1. Mind counting the residues in the range 380-398 that are of a type in the set (Val, Ile, Thr), under 9 Å from residue 359 (Cα atoms) and surrounded by fewer than 17 Cβ atoms within 10 Å (Cβ to Cβ)?
2. All but one of (1) at pLDDT 95 or above; (2) touching a strand residue (DSSP E or B) at 6+ places or on another chain (Cβ under 9 Å); (3) within 20 Å of residue 414 (Cβ to Cβ) hold for residue 100; which doesn't?
3. With the requirement that a residue be closer than 15 Å to residue 192 by Cβ and touching a His at 6+ places or on another chain (Cβ under 8 Å), what does the range 146-161 give you?
4. Out of the helices (runs of 4 or more DSSP H) lying entirely within the range 287-390, which hold 3 or more residues that are assigned by TED's automatic domain parsing to the domain that holds residue 214?
5. If residue 131 satisfies every condition in (1) assigned to a helix (DSSP H, G or I); (2) within 27 Å of residue 420 (Cα to Cα) but one, which is the exception?
6. Need at least 2 residues that are in the same structural domain as residue 357 (by TED's automatic domain parsing), hydrophobic (A, V, I, L, M, F, W, C) and closer than 24 Å to residue 146 by Cβ per element, so show me which strands (runs of 3 or more DSSP E) inside the range 210-274 make the cut, counting only ones lying wholly within it.
7. With the requirement that a residue be over 26 Å from residue 252 (Cβ atoms), in contact (Cβ under 8 Å) with a residue 12 or more places away in the chain and among the small types (Gly, Ala, Ser), what does the range 61-93 give you?
Amino acid sequence: MTLNGVDQDTGAKAPAAESASDASVAASATPGVRAPQLSAPSSPLAKGLRRDGGKKFLAEHARNHNRSLVLRTLHRDGPMSRADLARATGLTRVSISDLVAALIEDRLVEEQGISSETRPGKPAIQLDIAYGAHQIVGIDLSRSHRMVGRVVTLDGTVIHELERPLDTAERRNEYKAVLDFARELTALATAPILGIGIGSPGIVTAEGVIQAAPNLGWKNLPLRAKVAEATGLPVLVANDANASVYAEYSLNDHTADLMLVKIGRGVGAGVIASGKPIIGSRNAAGELGHVVVGTDGGPLCACGRTSCLEAWISVPALTTRLAGINGPDAATTREAVLRDAGRRLGIVLAPVVAAFDLSEIVISGPNELFDGYFTESAIETLHNRTQFHAQTTVRMTTYGEDIVLQGAAMMVFLSLLQLL
């Protein structure tokens, strides 16, 4: 996995995003094995190096920052010796020796044998992140009437995957099924669990409260706190589009400016600008679905207005419109409908791309709807409506339906590296 936008000397770019649980030590899935600390981004430790009242650095903050710096460096550059690690991080060899010893004890770093490089003196022992020594639980709540979860290693290797329904009659109490699902997944882990990452539809606060998720019937639900209490593990909760953009940004070689548009029952976007996620003052950045597009009437949206972007391009809306097309000109009419939908997305994207100088737009949704005429029209419209963004690309994600799961798990790992 390649992380972009990370300073090559310090690896210290740390965009702030969703919060982890206040629990400071992850519960172990293996009796007798101590799981390492996963700091909550809302806690002082996760802020990296902070000043105490603006007067002095706290030693424990500095040590926590340096632990994450070592992990970031190994993750970015791969196996290296203690001496090379000291040079790469700018820390002293004594500090590196102490930090590495603690990270090995926590089973976050492992020795991998003697370096093959020929150098004068004693052969150096290579160090790397122990990607298989711990596991992460990722949960996707954004799919239609179901939730999907995985237990994965730190490098993304899937250990277990489960799927359960999410559509009971008492929708406001359906979060209890999520708690049971989280407990079921953690029981399947074969190594200590670092934490749980959850991607959910709706507006999600930094504290992991679902302010509003109409499709799930949730309002002001403290999901992070409830899952943390149920499992005893640190928890991160993010809007599904934000989780998706973390996956795209972290798992691919991208620039530091990226938008992911997730199209399903609704329409939302996750934005990373200059290497930092845009969350917004009301936690609603990227809520594009209810932007009105055009003055030509248009379909009625579930919100009660007409011509909302969601009413034009959401999967249910577009599928319904295409299903009614028949006759000898069906192919031509289908193309026209898809191009019109793509044009409307391009209209909405143009000012956002211009405002943040974004270089890449990634679309997540069914390929059969959005890969082709829709994307072509979105690109054309975007380029026609901006002056300096002819090089901005629009493409489909390569992760398909799994992108929220990928991002949910990635959030936990990025938190460990203090990159959230």
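The values are calculated or read from the model by the stated rules, or taken from the named source; none is laboratory data. Since the structure is predicted, the reported quantities are computational estimates derived from the model, not experimental observations. No Cβ is skipped: glycine too gets one built from the backbone with ideal geometry, and neighbour counts run over all protein chains shown.
1. Selection size over the range 380-398: 1.
2. Result: residue 100 passes all but (3).
3. Scanning the range 146-161 gives 151, 153, 154.
4. Numbers: elements: 309-313, 315-323, 330-356, 367-370, 373-384.
Answer list for the range 287-390: none.
5. For residue 131, the exception is condition (1).
6. Numbers: elements: 210-213, 218-221, 235-239, 258-263, 267-273.
It comes to 258-263, 267-273.
7. 62, 81, 83, 90
A quick yes/no check of all residues on (1) surrounded by fewer than 22 Cβ atoms within 10 Å (Cβ to Cβ); (2) under 26 Å from residue 252 (Cα atoms); (3) at pLDDT 95 or above; (4) under 28 Å from the mean Cα position of the chain (by Cα):
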position	(1), (2), (3), (4)
295	yes, no, no, no
302	yes, no, no, yes
305	yes, no, no, no
308	no, no, no, yes
313	no, no, yes, yes
325	yes, no, no, no
342	no, yes, yes, yes
345	no, yes, yes, yes
349	no, yes, yes, yes
